[in-house]
Amino acid sequence: MSKLSSKIVVIFTLFVVFVCSFCFPSSGEVSILTDFTPTLKTEFIFDLKLKDIYEAKVHYDFEFANDYIDISDIGDIVNYFNLSQPGFEISYRNPNGRKDPFFLIENNSGFMMILDDYINISFNGLDIGIIFREDFLTVSYWNNLMDFSQSKVGITLSAPNGLGISFGFQDKLQYFFHAGDLLFSLNNKSLDSVYILNKDFRLEYNSASGKLTVNSVFFDKNDKNFYFRVPINKSLFLTYSNLGIGITFYVNLYTHTIK
């Protein structure tokens, strides 16, 4: 998908989130996270839910330093999203207990449409996948809608304790290992990629690009700086960054709950 198409999908998602939030009764929480280090970094976090329809977590941050001002890239504003109705779902960074590695990686990098729990269409890579079952043995078949020669097959063996191993058959055999929310792959017996997949903590590492992305309350890393926050209490953190030591305030601005 082109950058323009990705922006259109994100903008549409934000539009759906905020229209639902203001037009229908919903539960929601708005928080602000502010780092006072040699830079000033502020992040607004919107955690929204409309029962039995959608869940979303949206965050927007801006960072001030002496020589630059940095704001969230549009592709990073939506942290996770799930719009669900019987037989239909649009999901983004919301693994929801699924085990197939190709689904988890595609879902982590872009929006996916899920039909009847087994037909999956990626808006990012334009891949369509069929996951035949999700049990001790999970089998999937994927193909690219723009190039049908790009097919891949996933076979996953899972244990009840969340451990599992997957074999991906594409251009070459790939090995994926699962441990709860952790998914990592090996290439020539070396670490190829690492993902932590849940709605509240995002981590992604790819050896080819060398890029590490982390986003959470306790640890945050962008292209320029990292922030490691040690909680003193639920609203105050002692913060260490690559630029120096500071403090962080984490404040809930608004909470609304529908019972």
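The values are calculated or read from the model by the stated rules, or taken from the named source; none is laboratory data. In this text the structure is predicted, and so the values were computed from the model without any measurement. Because the Cβ atoms are built from the backbone with ideal geometry, glycine has one as well, and the counts that use them run over all protein chains shown. Heavy atoms of the whole protein, side chains included, go into the accessibility calculation; ligands, DNA and RNA do not. Shrake-Rupley method; radii C 1.70, N 1.55, O 1.52, S 1.80 Å.
The accessible surface of the chain, taken with every protein chain in place and a 1.4 Å probe, is 63 percent carbon and sulfur. Ligands, DNA and RNA excluded, the heavy atoms of ARG93 present near 20 Å² of accessible surface to a 1.4 Å solvent probe. Extents of the stretch 145-234, largest first, come to 51, 35, 29 Å (Cα atoms, principal axes, whole angstrom). Taking only C-alpha pairs under 8 Å that are 6+ residues apart, what is the relative contact order of the chain in percent? Taking the mean separation of contacting Cα pairs over the length of the chain, I get 15 percent.
Which of the peptides 246-253, 169-176, 103-110, 151-158 is most tightly packed, and how do the rest follow, judged by the mean count of other Cβ atoms within 10 Å per residue?
Order by mean packing, descending: 103-110, 151-158, 246-253, 169-176.
Extension gain for the segment ILE155 to LEU126, taken as residue separation times 0.36 nm less the Cα-Cα distance, is 8.3 nm to one decimal. In terms of packing, defined here as the mean over residues of other Cβ atoms within 10 angstrom, the peptides 208-214, 135-141, 122-128 line up highest first as 122-128, 135-141, 208-214.
In terms of accessible area, using a 1.4 Å probe and ignoring ligands and nucleic acids, TYR68, TYR195 rank largest first as TYR68, TYR195.
Hull volume per residue, based on the alpha-carbon atoms of the chain and their convex hull, is 156 Å³.
Phi-derived couplings, Karplus 6.51 cos²θ - 1.76 cosθ + 1.60 at θ = phi - 60°, listed residue by residue for the stretch 186-198: 10, 9, 6, 6, 10, 5, 9, 8, 9, 9, 10, 10, 8 Hz, with x used for Gly and Pro. Once the Cβ-Cβ distance of ASP147 and ALA208 is raised to the sixth power relative to R0 = 22 Å, the FRET efficiency obtained is 0.60. Every Cα-Cα pair of the stretch 25-78 was included, and the share exceeding 13 Å stands at 64 percent.
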